[in-house]
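First comes the structure, then the notes that go with it.
A short reminder: the numbers here are calculations on the coordinates, not readings from a lab. Please read these numbers as outputs of a predicted model, since none were measured by experiment. Cβ sites come from the backbone with ideal geometry, for glycine too, and all protein chains shown count toward neighbours.
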Amino acid sequence: MSSQTPIPSNNLRSAMSDQTNIDVEVSPEQNKYANILLFCSWAGIIVMVITFLIYMAGFLDPIVKPSDMPLYWGMSVHQYSQATNAPIGWDWLGLITHADYLNLVGLAFLGVVSVLGYLSLLVTYLRKKDFPYATMVGLEIIIIVLAASGVFHIAE
Amino acid sequence: MIGNFFMYASSLFTSTNLAVAQAAGTPGVPWWVWPLALLFSTFLIGIVAALAGVGGSVLYVPIVSSFFPFNFDFIRGSGLFVALACSLSAAPKLLKSNLASLRLVIPLAVIASASSIVGAFLGLSLPQSILKILLGLLITGIAMLFIFSKNSEFPKIGRPDALARYLNIGGAYFEPSSGKDVRWTVWRLPAGLVLFSGIGIIAGMFGIGAGWANVPVLNLLLGAPLKIAVGTSMSLLAITDTSAAWIYLNQGAVLPIITIPSVIGIMVGSRVGVKILNTAKPKSIRYIVILMLLFAGLKSLLAGLGWG
C-alpha cells in the first residue's frame, strides 16, 4: 500500500512505472473537450434565459400561459400531458413558435453539449488509434442519442 | 461577519421556505410568486451547496418537493437539469487544471449514464408515494454518509488493477499547498464500475445528481486523491445526468417555469458561494447542510407514508 502524495513512495512509483503516458500537462483532447463544454453550455444558458423572459413576458402566444401554470404543475406528468395535450418525444419541436415550447430549445441544447464534446473526442481517439477509448466514447454517444431519440417510452 | 451573514442567510432560507409552504396551501397566491420564490430559494441553496461542497441538486430535490406545490415528477426532471447545468459550468475549469481526468471519466460515464436511463424509467414508472419513501431513506442515508465518511486527501493504494493499467488511467496535477506536482493513479476499477451502475440508477431515479456518492467511491474505493475525486465527479455528472435528463424531457417531465428559475438561481448562488468560500467556516456549514438533509429526508419519508 502506498499513499498518493506529492513525493511518491517506492510502491506507488513502481505501480506507476506500468503507466508510460502520464503527463502533468493537460492533454490536447481534454483541453478541447473543456472548451466545447464551456462555450456551448454558456450558449445554452443564454438561450434559456432569453426564451424564459419571452415566455414570462407573455410574448409568442404560449399554449399554457405562465399565469395558468398553477392549475397544472401539481399534476403528474401523465395527467399534465393529457390535460394540456403536451407532446411526447420530439413533437415539441413543431410547437416552438409558442413561447412555452421555445423554452425547451435552451434546455435541449444543454443536453446536446456533452455529445458535441464526445464527438470531438471520438475523432481524436480514432486519429490516435486509441481504440479502447474510441469504443467507449462511441458507445456513450450511442447511449445519449438513444436516450434523446425518444425511442424509449413508458407505458401509461 | 461571515458567521453572521451565514446565520442570517440560513434563517432567511428557513423563513422563506416556511412562507412558501404556507403559500402552497393558500389559494389566491399570485402565480408569479412561485417562480420568484423558487429563484430565491435556489439561489440560497446554491450558496449553501457551494460552501458545503455538495452538489446543488441533492439539496434541491428534497427541499423543493417539501415546500413547493409542484409535482414530484417535474421536480426530479428539474433536479437533473440543475445538476447538469452546475456540472457543465464547473467541469471546464476542472478539466483545464487537470483536477479531472477524462481517462477516468469516460469508462465510468458509460456505465453510469446507461444505468441512469434505467433509473429515469424506474422513477417515472413507480408510484410517487414509494418514490418519496425511497427518497426520504436515501436523503437520510446521505446525511449519515456526510456525518460518518472520512474522505482521504491522498489515499493509500496498492498496485493498480489490470483494467486501470490497460486503460492507462492516471495523471498529475499541481498542488499549491505543497508547491509540487501530485502524480496519481487508481486501483479496484472493476469494483468501481459495479458501484457506478448503482449510482447511475439512483441519479436517474431521483434526479439528485450523484456527487455525494461519486466522490466517496472515487476517493475511498478507487483511491483517487480527493481533489481528483471531486473534479472527476463533477465532470462525470455532465454525462451521467444528460442521459437521464433526456428521458425526462422526452416524457414531458420538464416544465420550464420550474426548471429555468432553478437552474439560474443555483448557478448564480453557487458562484456567490464560491466567492465567499475562503472566509466561511466549512465545518459549521456542513452541519447546517446535514440538518437540512435530515429534515428534508424525514419530511419526504413522512409524505411518502401519508403522514406529512
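In order along the stretch B:101-106, the phi-based Karplus estimate (6.51 cos²θ - 1.76 cosθ + 1.60, θ = phi - 60°) of 3J(HN,Hα) comes to 10, 5, 5, 8, 5, 4 Hz; Gly and Pro are listed as x.
Estimated at 0.36 nm per residue, the fully extended path between A:Leu126 and A:His98 surpasses their Cα-Cα distance by 5.9 nm. With the biggest extent put first, the Cα atoms of the protein assembly as shown measure 70, 49, 37 Å across the principal axes. The modelled label-to-label distance for the pair A:Ser76/B:Asp181, using points 7 Å beyond Cα in the direction of Cβ, is 5.6 nm. Dipole of the stretch B:2-304 computed with +1 at Lys/Arg Cβ and -1 at Asp/Glu Cβ about the Cα centre; of B:Pro261, B:Leu95, B:Ile157, farthest Cα towards the positive end is B:Ile157. Our Cα-only numbers for the stretch B:132-250 put the radius of gyration and Dmax at 15.6, 48 Å.
Amide H contacts of B:Ile157 (H built 1.01 Å from N, in plane; Pro and chain starts excluded): A:Ser2, A:Ser3, A:Gln4 sit under 5 Å, all sequence-distant by 5 or more or on other chains.
Overall, the stretch B:2-304 carries a charge dipole of about 720 debye about its Cα centre when +1 sits on the Cβ of Lys and Arg and -1 on the Cβ of Asp and Glu, all other atoms neutral.
Between A:Asn35 and B:Leu302, take the C-beta separation as r, use R0 = 45 Å, and let me know the FRET efficiency to the nearest 0.05. Before the final figure, lay out each step's value.
Details: r = 47 Å, r/R0 = 1.04.
So, using R0 = 45 Å, E works out to roughly 0.45.
Pairs of Cα atoms nearer than 8 Å and 6+ residues apart set the relative contact order; for chain B it is 37 percent. Across the stretch A:102-112, computed HN-Hα scalar couplings (Karplus, 6.51 cos²θ - 1.76 cosθ + 1.60, θ = phi - 60°) run 4, 4, 6, 4, x, 5, 5, 5, 4, x, 9 Hz from first to last residue, x flagging Gly and Pro. Less than 5 angstrom separates the built amide H of B:Glu175 from those of B:Lys180, B:Asp181, B:Val182, all sequence-distant by 5 or more or on a different chain. In a reduced charge model with +1 at each Lys and Arg Cβ and -1 at each Asp and Glu Cβ, the protein assembly as shown shows a dipole moment near 1300 debye about its Cα centre. If I model a spin label at B:Ile147 and B:Lys93 as a point 7 Å from the Cα along the Cα→Cβ vector, what separation in nanometres do I get? In this crude spin-label approximation the distance works out to 3.3 nm. Summing Lys and Arg as +1 and Asp and Glu as -1 over all other residues whose Cβ lies under 12 Å from the Cβ of B:Trp307 gives a net charge of +2. What the Cβ-Cβ distance of A:Phe152 and B:Val194 gives, at R0 = 30 Å and to the nearest 0.05, is a FRET efficiency of 0.80. Applying 1/(1 + (r/R0)^6) with r as the Cβ-Cβ distance of A:Val105 and B:Ser129 and R0 = 41 angstrom yields a FRET efficiency of 0.75.
Here the sum of -39500 (n - 2.57) over DSSP H runs of 4 or more residues, divided by the residues of the protein assembly as shown, equals -23000 deg cm²/dmol at 222 nm, to the nearest 500. Annotation: the residues B:Thr232, A:Thr124, B:Thr185, sorted from fewest to most other C-beta atoms within 10 Å of their own C-beta, follow the order A:Thr124, B:Thr185, B:Thr232.
Dividing the radius of gyration of the alpha carbons in the stretch B:220-301 by their Kirkwood radius gives 1.02 for Rg/Rh. Taking the fewest neighbouring Cβ atoms within 10 Å as the starting point, the ordered list for A:Cys40, B:Cys86 is A:Cys40, B:Cys86.
Normalised by 2.2 N^0.38 Å, with N the number of residues, the alpha-carbon radius of gyration of the stretch A:44-149 equals 1.40. Debye calculation, C-alpha points only, no solvent: report log10 I(q)/I(0) for chain B at q = 0.07, 0.08, 0.13, 0.14 Å⁻¹, in the same order as the q values. Here the Debye-derived log intensity ratios amount to -0.26, -0.34, -0.89, -1.03.
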